[in-house]
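*Asks:* Let me give you the structure first, and then I'll get to my questions.
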Amino acid sequence: MNTKQNSKVFSVTPPAAIVDNASFTTATIDTLGYNYLTVYCYIGALDIAFTALKLQQSDDSGMSGAADISGCVYGTSTDAYGTASALPTATDDNKIFAFHVNLNGKKRYVDLVATIGDGAAGGYMAAFAVLSNGQSEPNSLVEQNFGGLLVA
């Protein structure tokens, strides 16, 4: 099996209605059995900047006592190329913002915090996560969280 096929995908924030002056509804990611996590935030049309875009971790699936993951806070963390990261702005339409996380030493549950400011309309975002480098290989569409999968 190709290493990219040895992964599990989660819908964190499905494509949905526009959000303004609020946080996007997100699903908590259970990382049990995996060593690496990548989260992709696909930003749609915006008329206002984000006020928060970060990952948090917790030992509890309800995210009680959640704490920011060091290096995974846009606007304060340094990016992969050594420069200061910035939150998505009103001109970041159709861009992807990503997080790569080595799960060694991290807590089991991870959640995305994505909050947008108060604009005339707000903005769109869809987010998904890919868990990889698992301790065992998923062997069905259900285990990979796919509705379908084609391999050529």
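*Asks:* Only one of these is assigned to a strand (DSSP E or B) and either surrounded by fewer than 17 Cβ atoms within 10 Å (Cβ to Cβ) or without any contact (Cβ under 8 Å) to a residue 24 or more places away in the chain (or both): ASN139, ASN94, ASN133, ASN104. Name it. Break it down into steps so the answer makes sense when it comes.
*Replies:* Working: ASN139 fails: assigned to a strand (DSSP E or B); ASN94 fails: assigned to a strand (DSSP E or B); ASN104 fails: assigned to a strand (DSSP E or B).
It is ASN133.
*Asks:* Go through (1) open to solvent by 70 Å² or more (accessible area, probe 1.4 Å); (2) free of Cβ contacts under 8 Å to residues at least 40 places away in the same chain; (3) touching an Asp or Glu at 6+ places or on another chain (Cβ under 8 Å); (4) not acidic (Asp, Glu) for THR76 and report which single condition fails.
*Replies:* All conditions pass for THR76, except number (3).
*Asks:* Limited to the range 40-73, what total is found for residues that are surrounded by fewer than 18 Cβ atoms within 10 Å (Cβ to Cβ), without any contact (Cβ under 8 Å) to a residue 40 or more places away in the chain and either part of a loop (DSSP other than H, G, I, E, B) or touching a Lys or Arg at 6+ places or on another chain (Cβ under 6 Å) (or both)?
*Replies:* Result for the range 40-73: 4.
*Asks:* Then there's this: Which residues, taken from the range 22-39, are of a type in the set (A, V, I, L, M), open to solvent by 20 Å² or more (accessible area, probe 1.4 Å) and either over 16 Å from GLY117 (Cβ atoms) or in contact with a Phe, Trp or Tyr (Cβ under 6 Å, 6 or more places away or on another chain) (or both)?
*Replies:* First pass over the range 22-39, keeping only residues of a type in the set (A, V, I, L, M): 22, 27, 29, 32, 37, 39.
Of the ones still in play, those that are also open to solvent by 20 Å² or more (accessible area, probe 1.4 Å) are 22, 27, 32.
ALA27, LEU32 - these are the residues of the range 22-39 that are of a type in the set (A, V, I, L, M), open to solvent by 20 Å² or more (accessible area, probe 1.4 Å) and either over 16 Å from GLY117 (Cβ atoms) or in contact with a Phe, Trp or Tyr (Cβ under 6 Å, 6 or more places away or on another chain) (or both).
The values are calculated or read from the model by the stated rules, or taken from the named source; none is laboratory data. Small disclaimer: the values here were computed from a predicted structure and weren't measured. Using ideal geometry, Cβ is built from the backbone for each residue, glycine included, and neighbour counts are taken over all protein chains shown. Ligands, DNA and RNA are excluded from the accessible area calculation, which covers all protein heavy atoms including side chains. Shrake-Rupley method; radii C 1.70, N 1.55, O 1.52, S 1.80 Å.
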